[in-house]
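Below: one structure, written as structure tokens.
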Amino acid sequence: MPDVLEQRLISELTTPVDPGVVAFADALARACPVLPLGVLFYGSLLRKADPDGILDFYIITENTTGFAGGLVARTGNLVLPPNVRYSEFRYDGRALRAKIAVLSRAQFEVRTGLGALDTTIWARFCQPVRLVWVRDPQSADAILSLIAGCVATAACWAALLGDVSMTTQEFWQALFAHTYASELRVEKKGRGNSILEGQEARYATLLTLGWARAHLQFSAHGDRLEPVIHEELRRKAARRWALIQASGRPRNVARLLKAAFTFENGAPYLAWKIQRHTGFDMKLSPFESRHPLVMLPLLLWRARKLLKRPKV
């Protein structure tokens, strides 16, 4: 029987999205070596549609046999997950683009707990998410539990990292300020505020439901909440977060280096990014798309020449 948090998340996970997104997810799932448990859609394009943007999908496999690619790619996804690839899909005359990450259920689950050093999963999936493809009802239940775990962990860290007494919005702002600082990401100051914008009621509800799932008691004083946390626990949490922050950036650098060898279709993705931001078309040949590392010197030289062109 779903708890109150899971019941709240069911309606969010099953909220309809653009049919093109669903069709894209279906194609991705059916192209996997083994049908995955489900495909999650999240990120900036879920919050605000952009026909020229890139969708974000996470494919959750039952185990590592669901990983695609050669030996290097599969090993990379096992040792330093997730692997990320770029894909394009035509739907109703439109070109849809997406970044796709792949994790096994066990890899996802270990990254949803309070003891996880890697914040990238629970910090993302405490945010709005849609389950746009699912294998069966049992898989849906498993993914629901994973997402609820992300929310509960995020809510607990918000309490541990925030002040003794705060509003619900201030707790979430404190949390996202810490998570962005722990990752190798170029974000404008106050990025966490934009995540909350328009979703204040959602986050207020999920904060207390997350605390309830974690059996964290609190008291309310007007619009301010005061979770019951002993000082020794706060000190322990501060030491743990220092370790999370110290390990976060080196881990993300390692992922970037790994991506040079495992980012499938990375060259077309980067070419599209260059064209979107500068207007310059790299005009990749099929060989250049398949072998970006071999052709890297030539691609860099071409990009240099393109960027020197006068604007029209």
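Here the contact order of the stretch 1-128, divided by its residue count and restricted to Cα pairs under 8 Å and six or more residues apart, works out to 23 percent. Our Cα-only numbers for the stretch 70-189 put the radius of gyration and Dmax at 16.8, 53 Å. Taking a ≥ b ≥ c as the square roots of the eigenvalues of the Cα gyration tensor, the stretch 1-45 is oblate, since a/c reaches 1.5 or more and a/b is not larger than b/c.
Ordered by 1.4 Å accessible area with all protein chains kept, 229, 59 run largest first as 229, 59. Only alpha carbons enter this Debye calculation for the stretch 1-115, each as an equal point scatterer, and the log10 of I(q)/I(0) it gives at q = 0.10, 0.14, 0.22 Å⁻¹ is -0.33, -0.65, -1.32.
Dividing the mean sequence gap of close Cα pairs (under 8 Å, 6+ apart) by how many residues the stretch 134-252 holds gives a relative contact order of 34 percent.
For the set 215, 230, 178, 221, the ranking by accessible area, highest first and with no ligand, DNA or RNA atoms included, is 215, 230, 221, 178 under a 1.4 Å probe. Compared with the direct C-alpha span, the chain from residue 1 to residue 31 gains 7.5 nm at full extension, assuming 0.36 nm per residue.
The values are calculated or read from the model by the stated rules, or taken from the named source; none is laboratory data. As the structure is a prediction and not an experimental result, all values here were calculated from the model. For accessibility, only protein heavy atoms count, side chains too; no ligands or nucleic acids. Shrake-Rupley method; radii C 1.70, N 1.55, O 1.52, S 1.80 Å.
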